[in-house]
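Here is the structure we will look at.
The values are calculated or read from the model by the stated rules, or taken from the named source; none is laboratory data. Because the structure is a prediction, the values reported are computed rather than measured. Reconstructed Cβ throughout: ideal geometry from the backbone, glycine too, with neighbour counts over all protein chains shown. Calculation scope for accessible area: heavy atoms of the full protein, side chains included, ligands and nucleic acids excluded. Shrake-Rupley method; radii C 1.70, N 1.55, O 1.52, S 1.80 Å.
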Amino acid sequence: GDEQMAAMLRLRRLATRLLRAPRPMPIVRAFSGKPGEHPGDEQIYGREAEELELEKLGIERFDREPASGPFGTLEKPAIIYSTKGERVVGCVGPKEDPHDVAWMNLRAGPKHVCTICGQVFKLEDAANRYPQLKSQTA
């Protein structure tokens, strides 16, 4: 009864006091370095290390923009670059007559044709686009 109610009130007051108590400021650690250098570079490996090394050469390792260019034909397909043997691509058709996105999985080798508009795509190794990539990823 009363004893339990008094204990709950004391607990509530304590919790309120703790929540309102000043807290120590977090320690913020700032790193400084030369432009192009990243703190902890020596701890980075794999794709991230490749990306940082190529960034120093002025190459964007992973193109994050949608592929665009002239409409791909059998004679002159739209070239899509990848560091792997395949890549998912979404075709939206020509600028004059766009269509809903048609997704396809491009594989190295054959040309791929959009079933809606007939645009032709071909997957090529990203190392063909940037010769510096071959020496960095070999």
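One residue stands out in the range 107-132 among those that are in contact with a Leu (Cβ under 7 Å, 6 or more places away or on another chain) and at pLDDT below 95: the one that is surrounded by the most Cβ atoms within 10 Å (Cβ to Cβ), namely Leu123. Among the residues of the range 11-36, which ones are open to solvent by less than 100 Å² (accessible area, probe 1.4 Å) and modelled with pLDDT under 65? Those that are open to solvent by less than 100 Å² (accessible area, probe 1.4 Å) and modelled with pLDDT under 65: Ala30, Gly33, Gly36. Candidates in the range 41-60 are the residues that are over 14 Å from Thr83 (Cβ atoms) and touching a Leu at 6+ places or on another chain (Cβ under 8 Å); of these, the one that is surrounded by the most Cβ atoms within 10 Å (Cβ to Cβ) is Ile44. One residue stands out among those in the range 82-99 that are under 16 Å from Ser68 (Cα atoms) and without any contact (Cβ under 8 Å) to a residue 12 or more places away in the chain: the one that is most open to solvent (accessible area, probe 1.4 Å), which is Lys95.
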